[in-house]
Amino acid sequence: QGIYRLVNSNMVDAIRVVSIEKGIDPRGYALVIGGGAGAVHGGMLAAELGMSKVIIPRYAGVFCSYGMVVSDVRHDYMRAFAANTDTIDLGAANSIFEELEQQARDDLTEEGFSPEDITVSRFADAKYPNQVHELTIPLPSQRKINKDDLPEIAETFHALHERMFSYCVRDSLVDLYHWRVTATGKIPTIQVQEYEQGEKDPAVALKATREVYFSHLKGYTQTNIYDGEQLGRGMVVEGPAVIEQQNTTIVVSPEQSLEVNRFGDYVLHL
């Protein structure tokens, strides 16, 4: 239990870094769980953060692998070329983009993508003169960059700098250094299967009971153990309970309930 509490504390701290410390109140959001062990901790993490809902994909243990299969394929290319918005050699910049885009299209074509499924976008790393850190800004795509684009490119950087750091220097030149191309190969959209409504009594999935320790109850308590593969759409499991699958285990603490949604995923309510 001591190890479990320590691990939960570390996870909560990490979530706070990407939410509260960025001005986002996690209480208005649902916590999405991935990984085989994530659902063991999810309910307690949400409780600590004041959240009321946790979404656990049915196959959370292979969530990353599933994401790889259904996500579009992306390649990134970069070339260094020092310039600024006052003295840039547009011919050289356009030549760099042409070479990178041709390489991108060739690579995706070799991977089996047709021309209509390939999209290419341009970016550049920009900064003010004498600055150390750069910001990546989008550039006009699908055509050559010309002199008339330079004020818009500079303004894009000024606006992003102001949004990130609360100030900008609009009368300054903008340095451009790394020239980037992102190429995307579109994967066919996956049709998500909906589960049919069936038996609503979760007792059909009950496979055992055993003693489980819950700190809320200050000791062990007799707990229902369910077979996750047998839990169907619309079933609700009241905590304390444990749902076991081959790739993940879900812990439903006291005063929590678990519902199976129409996609077969689990929604933990606090």
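The values are calculated or read from the model by the stated rules, or taken from the named source; none is laboratory data. Not measured: the values here are computed from a predicted model. Neighbour counts run over all protein chains shown; Cβ positions are idealised from the backbone, glycine included. Accessible surface areas use protein heavy atoms only, side chains included; no ligands, DNA or RNA. Shrake-Rupley method; radii C 1.70, N 1.55, O 1.52, S 1.80 Å.
Treating only the Cβ atoms of Lys and Arg (+1) and Asp and Glu (-1) as charged, compute the dipole magnitude of the chain about its Cα centre; round to the nearest 20 debye.
I would put it at about 820 debye.
Taking only C-alpha pairs under 8 Å that are 6+ residues apart, what is the relative contact order of the range 182-265 in percent?
28 percent
Which trypsin sites (Lys or Arg not before Pro) in the range 136-196 sit in a loop by DSSP (not H, G, I, E or B) and have at most 10 other Cβ atoms within 10 Å of their own Cβ?
For trypsin sites (Lys or Arg not before Pro) across the range 136-196 that sit outside H, G, I, E and B with at most 10 neighbouring Cβ atoms in 10 Å, the list reads R143.
Filter the chymotrypsin sites (Phe, Trp or Tyr not before Pro) in the range 159-219 down to the DSSP loop ones having no more than 12 other Cβ atoms within 10 Å, then list what survives.
Passing both the DSSP loop test and the Cβ count: Y167.
Report the one residue of F63, L108, V17 whose Cα lies farthest in the direction of the positive end of the charge dipole of the chain (charges on C-beta: Lys and Arg +1, Asp and Glu -1; origin at the Cα centre).
V17
Which helices pass in the chain if a helix is a full DSSP H run, must span at least 24 angstrom along its long axis by Cα, and must have mean Kyte-Doolittle hydropathy not below 0.5?
2-18
Determine which lysines satisfy two conditions relative to K200: a Cα distance under 26 Å, and not lying fewer than 8 residues away in the same chain.
K53
What share of the DSSP beta bridges in the chain is antiparallel, in percent to the nearest 5?
90 percent
At 0.36 nm per residue, minus the direct Cα-Cα distance, what do E244 and Q142 gain on full extension? Give it in nm, one decimal, please.
Contour length minus the Cα-Cα distance gives 31.6 nm.
Would you mind getting the accessible area per residue of the range 132-270, heavy atoms of the protein chains only, 1.4 Å probe, in Å²?
About 58 Å² of surface per residue is accessible.
Taking DSSP loops as anything outside H, G, I, E and B, show the longest stretch in the chain free of GluC sites (Glu not before Pro) there with at most 12 other beta carbons within 10 Å.
Excluding the exposed sites themselves, the longest stretch runs over 1-110.
Normalised by the number of residues in the chain, what is the relative contact order in percent for Cα pairs under 8 Å and 6+ residues apart?
Relative contact order, the chain: 21 percent.
For the range 162-270, give the percent of accessible area contributed by carbon and sulfur heavy atoms, probe 1.4 Å, rounded to a whole number.
47 percent
Which aspartates and glutamates, on any chain, are close to K22 with Cα under 17 Å apart, when same-chain ones fewer than 8 places away are left out?
Within the straight-line limit of under 17 Å, K22 reaches these aspartates and glutamates: D13, E162.
What is the percent carbon and sulfur in the accessible area of the range 1-68, measuring with a 1.4 Å probe over the protein chains and ignoring ligands?
Answer for the range 1-68: carbon and sulfur cover 62 percent of the accessible area.
Could you tell me the center-to-center distance, by alpha carbons, between the range 125-162 and the range 242-270 in angstrom?
So the separation of the two Cα centres works out to 47 Å.
Tell me whether the range 184-225 comes out rounded, prolate or oblate; compute the Cα gyration tensor, take square roots of the eigenvalues as a ≥ b ≥ c, and use a/c under 1.5 as the rounded threshold.
oblate
After finding the eigenvalues of the alpha carbon gyration tensor for the chain, what semi-axes result from the square roots of 5 times each, listed largest first in whole Å?
Rounded to whole Å, the semi-axes are 50, 25, 14.
Once the dipole of the range 189-268 is set up with Lys and Arg at +1 and Asp and Glu at -1 on Cβ about the Cα centre, which of Q191, Q256, V237 lies farthest towards its positive end?
Among Q191, Q256, V237, the one farthest towards the positive end of the dipole of the range 189-268 is Q256.
Let me know the shape class of the range 30-129, please: from the alpha-carbon gyration tensor, a ≥ b ≥ c as square roots of the eigenvalues, rounded when a/c is under 1.5, otherwise prolate if a/b is greater than b/c, or oblate.
Oblate, since a/c reaches 1.5 and b/c is not below a/b.
Where the centroid of each part is defined by its Cα atoms, how far is the range 101-122 from the range 13-91 in Å?
26 Å
Calculate, for the range 1-75, the solvent-accessible area per residue in square angstrom, rolling a 1.4 angstrom probe over the heavy atoms of the protein chains.
Per-residue value: 60 Å².
What size of dipole, in debye to the nearest 20, comes out for the range 220-270 about its Cα centre when the only charges are +1 on Lys and Arg C-beta atoms and -1 on Asp and Glu C-beta atoms?
100 debye
Of L139, L258, L45, which has the largest mean-square fluctuation in a 10 Å C-alpha GNM of the chain?
Answer for the Gaussian network model of the chain: L139.
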